[in-house]
Structure formats: C-alpha cells, structure tokens
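Enquirer: Okay, here's the structure, questions in a sec.
The values are calculated or read from the model by the stated rules, or taken from the named source; none is laboratory data. On a predicted model such as this, the values are computed, not experimentally measured, just so you know. We place every Cβ from the backbone using ideal geometry, glycine too, and count neighbours over all the protein chains shown. The protein model used for the area step is the full one, side chains on, heavy atoms only, and it has no ligands, DNA or RNA in it. Shrake-Rupley method; radii C 1.70, N 1.55, O 1.52, S 1.80 Å.
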Amino acid sequence: MFLHRHATAALPRYTSYPPANRFKDGEGRELYPWWLDGLTRAEPLSLYIHVPFCAQLCWYCGCHTSVANDSARIDRFVGHLLKEILLVSSRVHEPGEVCSIHFGGGTPTMMSPQAMARVMSTLRDAFPVRGDAEIAMEIDPRTLDDAHVETMAALGVTRASLGVQDVDPDVQRAINRIQPTELVADRIATLRAAGIRSINADLMYGLPGQTVDHVHRSADAVSALGVDRVAVFGYAHVPWFKKNQAAIDETLLPGARERFEQAEAAEERLVADGYAAIGIDHFALPQDSLAVAAREGRLRRNFQGYTDDPAKTLIGFGPSSISALPGGYAQNAPHVKQWSEAVAAGRLPVQRGLGVTREDRLRRSVIERLLCDGAVDLRAVAARHDDEPTLLVDAFARLAPLIRDGLATVDGWQVAATPAGRRYWRTIAACFDPELAPFTGRHSVAV
Ligand code: SF4
C-alpha cells in the first residue's frame, strides 16, 4: 500500500544503531585501542577489508571509492593495509575465532592476485580464522579476469557478490555501467567452475529511466542465472554528499510511487521465481544459509546488510571502514591519503566513532529484530538485556500514525508490521530511534 508520507520519510538504513551519521569526530580515536584490548577469546570476530578503488565510476555509486588505474598507487595501498592489519592485531591480545571475512569496496579485485594472497595470508597469520569461515568478495564482472578467479578459489573465497543493478542497456547508459548479461553469465560460470559456488547479485530500483518492466526483466535475468542470493536496493540520490551522482539526469528519476511499485515488482517476481524474501531487501534460495537463518530466527543485520554471521564484533580495515565492538563504533579516515599517513606513522587510522550506552544496545536489538523479522517482542528483547520494556514506551506515540494507517500493530509488548506494512519495516523500526523524529533530513527515503 503506497502512502506518500511514510514512503518518502528520510530514514537511516540502520546497518548500525546509532547510525553512522551520529558518530563524533575524534571519539573513536581514543577509545578504539581500549575496545580492542578488551576483546576476549570468547568473542567471535568478523573482519571487513575495504578496497577503495574501481576501474571507472558508476554514477549511482554511494561507496567510498575512486578510479585508480595506476598499479603503483594500489600497491602502496596494499602495503599500508598490511601494516594496518598488524597494527590492529597487536592490540587484540586475545583474539576470538574469525567466522567471516568480507572484502568490499570499491572493487577488491583491483588488487593484483599476488596482493590479494598477501592480504589473506597476513590476516590468517594475525587472526585465528576458522576452517569453515565464510570468505566473501565483491567483484565487478566487467574487470574480473580468470587469474583473479583462480586466486579467489585458492584463497578459500566462498561467496562472490556482483553488481547487476539493471539489465536494460538504456538504464545502464544512464548510470554509466554498461554490462551485458552474457558477460555476467560468463563470469558466474567461471566462478562456479573454480569452486566458488555461492553467488550474490545486487539489483537496484529507482534508477534513471527505470520502469517496473525493467525491474521484472532484471529479476528474471538473475534468477535465470541461478544466483543464490539477490539484494535489491533503492537508489539513494544524494548528490550533495556523493558528487558523482550529479552526473545523473534527475529528470529521469522515478517518483515516489514509481519507486514503490518497482520495489514491489522486484519482490513479487523474485518470490515467484522461488526466492524467499529476507528482511527488507534481500532474497535467497530456500536452501541458502541466509534463508535458513531467517527461518530459524538467527538473521542479523550489520554493515554488509543481512547476515547469518554469529559474530557481533566486526573489525574493519582500509579507508572509511567501520569497526563495531562491544564498547562502540570506530570509523577509519575516509580518504586514502589521511588513512595512509596515519598507518605509516604507526597510528590506528580512526577518525570518528561513538561509544554505545546500555540503552543504545537495547534499541539496537529492537531495531535489528524489526528489520530482520518485521516484528518484535519488546519484553523478550528487554529481558535479554536485563532491562525493562518500559524504557521503550516513547516509541508508541511515533507508531500511532502507522497503526492508524494499517501498517503496524501493537498488542501488549508485541509490535509487528501488517501485510500492508511490508514495505515500511524501516519506518516502523525508526519509531524506536528517539533522535530521529521528525522523519526529515539527509537520509535516503524509506522506500
Ligand atoms: S563498481 Fe561498485 S564500488 Fe565501483 S563505482 Fe561502481 S558501484 Fe561503486
């Protein structure tokens, strides 16, 4: 059900709580070393490595990346990355086992195969990586060559994630990402032949010139390729924040109702094609571990989106990467230059962060359950935090318009989205964020 004021509310994506735009300059710089020092062997770890380079810029891109066709620049980055891994690991005196490693960016395969191998062996020497750890890598099918695929397989990469966005050539031209579906099919076949069985494809809606028909065809194309997971993200047009987006012709952008219909179309088509809907924007084949985790109530949300990773502690490496530790969040300097200078000087390259309070942890759990399950039992979540659900009653006034519009229900301490509220889980979750109201500002829109 399209309701303009709820669908266009400006909201965080809540890949963390509090969201990253509330981190404070300097805060994590002092606290991060202590947070690392306080980790114990009992706390499993996830590692994230941000590689901030691409072969060319897609105009829709919202990531921290830049064009680097200069291999010397990438080699210098890799040298600093290895040093950062050693700097951080020297602070973690009792590292827990690593359950997952995620290479994102940017395009991690901008590193040479030799550099990828050096990074992985440095990580394995610095941290106890479990034999069955999930190792995921974002790839760009336009630049992925066979040598990189062979190296990925040799390094134990278990999942490759690739951007498709939309298969229509006109939409691809409007976003500066020309990528024939035959090329995508060929790269997926090569990855699978090398033993990398699990494939994730990203699609988008709300792109310039995009229609419901384009979304249908794109959903059908990725399901015909048999990918295991699909993520469908709404394009967030924030050219004041991401300068490359200024190249997008705003007159071609779909309106709020069209965006809503495109999001619905993607879900309808992927579910009809046999995928289970996961959280607000992911889809997975029923046997995929994400779908199993969702069925078993183990789905979680972190900076990479939805995950079945049990680790609650995430350590990030590379410019702009965010670490999430029991004490709070720490984000590295976003620019390669500042980040490199800090690492070269032997300093942890953290620029900003936020300590989390007991109340933040409670609200984070409530928001995570709503975004994973579309429902939450406030009493049960509060009990797990040794708290009282009455701490959360301020949310009820903010929920009232959603209840009145038939998008959410409250029954005692149980809060749930209705079937009509399927697209509004983010809006419902945001009611538990007391710093957000009114729902305006420089976030992306809810749908
Ligand atoms: S390849 Fe990915 S990270 Fe690089 S510019 Fe395009 S969308 Fe951004």
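Enquirer: Under 7 Å between Cβ atoms, at least 6 apart or on separate chains: pull out the pairs that start in the range 275-302 with a residue that is assigned by TED's automatic domain parsing to the domain that holds A221 and end on any residue that is assigned to a helix (DSSP H, G or I) and open to solvent by 40 Å² or more (accessible area, probe 1.4 Å).
Expert: Close Cβ pairs satisfying both conditions: A277/V271.
Enquirer: Does F233 fit the bill of being part of a loop (DSSP other than H, G, I, E, B) and either more than 16 Å from the ligand (Cβ to nearest atom) or open to solvent by 50 Å² or more (accessible area, probe 1.4 Å) (or both)? Reasoning before the result, please.
Expert: Details: part of a loop (DSSP other than H, G, I, E, B): no; either more than 16 Å from the ligand (Cβ to nearest atom) or open to solvent by 50 Å² or more (accessible area, probe 1.4 Å) (or both): yes.
In short, no.
Enquirer: Select from the range 44-79 the residues that are more than 16 Å from the ligand (Cβ to nearest atom) and crowded, with 17+ Cβ neighbours inside 10 Å and list them in ascending order.
Expert: P44, L45, S46, L47, V78
Enquirer: Can you find, within the range 105-121, the residue that is farthest from the ligand (Cβ to nearest atom) among those that are among the hydroxyl-bearing types (S, T, Y) and within 22 Å of Q304 (Cβ to Cβ)? Spell out how you get there, then give the answer.
Expert: If we filter the range 105-121 for residues that are among the hydroxyl-bearing types (S, T, Y), which is where we start, we get 107, 109, 112, 121.
From what's left, within 22 Å of Q304 (Cβ to Cβ): 107, 109.
Details: T107: 5, T109: 10 Å.
The extreme case among them is T109.
Enquirer: A further question on this structure: So G26 passes all but one of these: (1) in contact with a Leu (Cβ under 7 Å, 6 or more places away or on another chain); (2) surrounded by fewer than 16 Cβ atoms within 10 Å (Cβ to Cβ); (3) in contact (Cβ under 8 Å) with a residue 60 or more places away in the chain. Which condition number does it fail?
Expert: G26 satisfies every listed condition except (1).
Enquirer: Same structure again: Only one residue in R192, R177 is within 13 Å of the ligand (Cβ to nearest atom) and among the basic types (K, R), so which one is that? Full working, then the answer.
Expert: Values: R192 fails: within 13 Å of the ligand (Cβ to nearest atom).
Matching residue, one of R192, R177: R177.
Enquirer: Is there a residue in the range 79-93 that is closer than 16 Å to I135 by Cα, in contact (Cβ under 8 Å) with a residue 40 or more places away in the chain and touching a helix residue (DSSP H, G or I) at 6+ places or on another chain (Cβ under 9 Å)? Before you say what the answer is, go through the steps one by one.
Expert: Of the range 79-93, the ones closer than 16 Å to I135 by Cα are none.
Looking for residues that are closer than 16 Å to I135 by Cα, in contact (Cβ under 8 Å) with a residue 40 or more places away in the chain and touching a helix residue (DSSP H, G or I) at 6+ places or on another chain (Cβ under 9 Å), one finds none in the range 79-93, hence no.
Enquirer: Out of the residues in the range 186-203 that are open to solvent by 40 Å² or more (accessible area, probe 1.4 Å) and in a helix (DSSP H, G or I), which is farthest from V230 (Cα to Cα)?
Expert: This residue is A193.
Enquirer: Please name all residue pairs, on different chains or six or more residues apart, with Cβ atoms under 8 Å, provided the first residue is in the range 110-137 and is assigned by TED's automatic domain parsing to the domain that holds A160 and the second residue is surrounded by fewer than 17 Cβ atoms within 10 Å (Cβ to Cβ) and polar (S, T, N, Q).
Expert: M110/T143; S112/S71
Enquirer: What number goes with the only condition from (1) among the hydroxyl-bearing types (S, T, Y); (2) open to solvent by less than 40 Å² (accessible area, probe 1.4 Å); (3) within 28 Å of P419 (Cα to Cα) that S289 does not pass?
Expert: (2)
Enquirer: Sticking with this one: Output the residue which, of all residues in the range 215-230 that are closer than 15 Å to D170 by Cβ and crowded, with 21+ Cβ neighbours inside 10 Å, is nearest to the ligand (Cβ to nearest atom).
Expert: S218
Enquirer: Quick test for you: out of V222, V230, pick the one residue that is out of contact with any helix residue (DSSP H, G or I) (no Cβ under 7 Å at 6 or more places or on another chain) and farther than 23 Å from L3 by Cα. It would help to see each step written out before you state the result.
Expert: Working: V230 fails: out of contact with any helix residue (DSSP H, G or I) (no Cβ under 7 Å at 6 or more places or on another chain).
None of the other options fit; the residue is V222.
Enquirer: Separate question: How many residues does the range 128-168 hold that are part of a helix (DSSP H, G or I) and either more than 15 Å from the ligand (Cβ to nearest atom) or at positive phi (or both)? Let's see the steps before the verdict.
Expert: Kept after step one, since they are part of a helix (DSSP H, G or I), are these residues of the range 128-168: 146-154.
Still in the running and either more than 15 Å from the ligand (Cβ to nearest atom) or at positive phi (or both): 146-147, 149-154.
Number of matching residues: 8.
Enquirer: Is the range 30-41 home to any residue that is among the β-branched types (V, I, T), surrounded by fewer than 18 Cβ atoms within 10 Å (Cβ to Cβ) and either more than 16 Å from the ligand (Cβ to nearest atom) or not assigned by TED's automatic domain parsing to the domain that holds F241 (or both)? Full working, then the answer.
Expert: Kept after step one, since they are among the β-branched types (V, I, T), are these residues of the range 30-41: 40.
This time we only want the ones that are surrounded by fewer than 18 Cβ atoms within 10 Å (Cβ to Cβ), so: 40.
In the following step, the residues that additionally are either more than 16 Å from the ligand (Cβ to nearest atom) or not assigned by TED's automatic domain parsing to the domain that holds F241 (or both) were identified as 40.
Yes, some residue in the range 30-41 is among the β-branched types (V, I, T), surrounded by fewer than 18 Cβ atoms within 10 Å (Cβ to Cβ) and either more than 16 Å from the ligand (Cβ to nearest atom) or not assigned by TED's automatic domain parsing to the domain that holds F241 (or both).
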